[in-house]
Amino acid sequence: MKKYILQSLRLTAVLLVLLCVIYPLIVAFAGKLTKGNGGGEKITKNGQVVGYALLGQSFTKPQYFWGRPSAVGYKADGSGGSNKGPSNPDYLKEVNSRIDSLLKYHPYLKRSDIPADMVTASGSGLDPNISVEGAAIQIKRVAMYRKLNEQDVADLVKKTVKGPVLGLFGPSSINVLELNIALDNLKK
């Protein structure tokens, strides 16, 4: 029995060093190689940090593009989905409420024109991106509220589209914060 206790203690010591010292150092080093040096890629406007590239924010004013809904109110400290399935009556009520809200500000749309990402929350509740279709349905509203030419706003949307990762993985998307900053910088 003494033999097994010593083996267990040695294994515990090795795993403690490996998992509590070496692994965190490797992760920290890898983080230093990223764009934000491990602190997240900051987005600035007029020299001030206004957000992070990988964290969604709430935009509710009609002159801005709106992001994907959040199940956690865009709070990074409590990320997560709603855990409600597509047949849950509360979830369906919430989605229908989001659809009604979108239709209120976009009367030119039909329910079937609304992309799913504009009315459903992401798994983390912090998704900073929307689909190209999600931005396209908002162009008319944003142009109207800002008194801009629709084509100018559409061109701006096209400029902010990010393609699939490595040109292969995932759909094209648009970072809402970056789009709204570019929109603020657009001349009338």
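Values in this text are rule-based calculations from the coordinates and carry no lab data. Bear in mind the structure is a predicted one, so any value in this text is a computation, not a measurement. Here the Cβ is made from the backbone with ideal geometry for all residues, glycine too, and neighbour counts use every protein chain on show.
A few notes on this one:
- SER172 paired with ASP113, simple spin-label distance in nm, labels 7 Å along Cα-to-beta-carbon: 2.0
- Length gained when the stretch LYS3-ALA154 is fully extended (0.36 nm per residue, less Cα-Cα span): 47.2 nm
- In degrees, nearest ten, helix 23-32 long axis to first principal axis of the chain (Cα): 30
- Contour minus Cα-Cα distance for ILE99 and SER58 (0.36 nm per residue): 13.1 nm
- Distance in nm between pseudo-label sites at TYR23 and LYS42 (7 Å out along the Cβ direction from Cα): 3.1
- Theoretical FRET efficiency, 1/(1+(r/R0)^6), r = Cβ-Cβ of LYS162 and ASN88, R0 41 Å, to 0.05: 0.80
- Relative exposure of SER97, SER173, SER112, judged by other C-beta atoms within 10 Å (fewest first): SER112, SER97, SER173
- Using alpha-carbon coordinates, inclination of helix 150-159 to the longest axis of the chain, degrees: 20
- When only Cα pairs below 8 angstrom with a gap of at least 6 residues are kept, the chain shows a relative contact order of 21 percent.
- Top positive-direction residue, dipole computed over region 51-185 with Cβ charges, set LEU54, ILE99, SER124: ILE99
- Counted charge near ASP184, where neighbours are those whose Cβ lies closer than 10 Å (Asp, Glu -1; Lys, Arg +1): +2
- Cut-off 12 Å between beta-carbons: net charge of the residues surrounding LYS84, Lys and Arg +1, Asp and Glu -1: -1
- Region 51-185: C-alpha gyration tensor shape, a/c 1.5 cut-off, then a/b vs b/c: oblate
- Less than 5 angstrom separates the built amide H of GLY51 from those of ILE43, all sequence-distant by 5 or more or on a different chain.
- Aspartates and glutamates with Cα under 14 Å of LYS84, excluding same-chain neighbours fewer than 8 positions away: GLU94
- The dipole here belongs to region 1-153: it is taken about the Cα centre, uses +1 on the Cβ of Lys and Arg and -1 on the Cβ of Asp and Glu, and is about 380 debye.
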